[in-house]
1. Give me the extension gain from residue 107 to residue 200: residue separation times 0.36 nm, minus the current Cα-Cα distance, reported in nm with one decimal.
2. Along Cα→Cβ, 7 Å out, is where each label goes; now give me the distance between the ones at residue 169 and residue 54 in nm to one decimal.
3. What FRET efficiency comes out for the pair residue 127/residue 97, r = Cβ-Cβ distance, R0 = 30 Å, nearest 0.05?
4. Could you please state how large a percent of the accessible area of region 63-205 is carbon and sulfur, counting protein chains only and using a 1.4 Å probe?
Amino acid sequence: MSRSPGLKMRNVVSFLAFFLTLNALAEGKLNKIEEDNWQELLTGEWMVEFFAPWCPACRGLQPTWEDFAGWSEDLDIGIGQVDVTTSPGLSGRFMVTALPTIFHVKDGVFRQYRGARDKDSFISFVEDKKWTGVEPISSWKSPDSLQMSLVSYFFKLSMVLRNVHTTLTEDYQMPYWVSYVAFAVATILLGGILGLILVCCIDCVYPPRRDDELHHHVQQATRADKKDSDAEEEDDVEELEGSQDEGEEDQDTQDENLSQDEGENSQDEGNSQDEASQNSQEEGSQDESENYRSENKSRRRRARKAD
């Protein structure tokens with residue numbers, strides 16, 4: 001079965017790109033940056049590309065980058081490449097989130113190139129020093145900082161876990177859930193071990209208190225509690241005494257009010273008795289006057305009859 005002309009042309013282009021890459025590396029123009037030699041970027045001026053063999057955009061940029069590498073001597077600049085599949089720690093150290101990614105480095109100061117991706121633009125960026133108008137990467141994200149070194153180790157660990165997963169599922173033909181369960185159990189065990197180590201380190205730095213010191217502190221705390229309780233009892237006693245005194249004062253005032261009410265009642269009764277006696281006297285005098293009048297009338301009647 002014959003191949004199509006387009007497929008043949010693609011194979012020819014891939015072969016030429018591979019041949020040019022080997023030629024550039026042999027001449028020392030295109031430097032391969034890895035985990036063990038990346039610190040060479042901290043001295044001098046560099047242009048570095050992060051790529052992956054499976055990335056279509058990276059494969060398209062490869063011929064242009066190789067042509068640009070031929071100008072390294074004329075521009076007095078180092079030109080390198082980082083394969084993120086073989087150096088995952090560097091992708092974490094530089095926080096590479098898209099491919100291809102290009103950085104310009106000048107004496108350890110990193111700037112990300114965001115211009116056009118052709119040879120003339122690369123040459124103009126370096127020759128005309130257009131990189132001076134690009135803001136450098138902040139110090140806390142600098143690839144040579146401690147925190148970015150830790151990030152690089154996490155990226156390495158992720159690549160190791162990915163390789164283990166690939167080995168379990170492809171080489172040993174295990175189901176995916178077996179791999180997931182194995183990673184879950186390993187994560188729990190690793191977390192327990194790290195927690196135990198952390199507790200031991202804390203105990204070494206801040207050792208626990210002795211029993212005597214603890215007993216002494218407990219005694220002091222109990223004494224303080226007793227003092228507080230005694231003070232509270234004294235306050236309660238004073239409050240009770242004050243309430244009793246107030247009760248006695250209230251009782252005295254009530255007794256005085258009752259005695260005054262009784263005196264007023266007795267006065268009212270005396271007045272009522274005087275009024276009754278006066279009424280009875282008045283009634284008696286009225287009766288006497290009426291008797292006197294009736295006697296006079298009877299005497300007059302008798303005198304008339306005698307006449």
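1. Going from the current span to full extension adds 29.2 nm.
2. 1.1
3. Step by step, r from the Cβ atoms, then E = 0.55.
4. Of all accessible area on region 63-205, carbon and sulfur atoms account for 62 percent.
The values are calculated or read from the model by the stated rules, or taken from the named source; none is laboratory data. Fair warning: this is a prediction, and the values are worked out from it, not measured in the lab. Here the Cβ is made from the backbone with ideal geometry for all residues, glycine too, and neighbour counts use every protein chain on show. Protein only, heavy atoms only, side chains kept; ligands, DNA and RNA dropped before computing areas. Shrake-Rupley method; radii C 1.70, N 1.55, O 1.52, S 1.80 Å.
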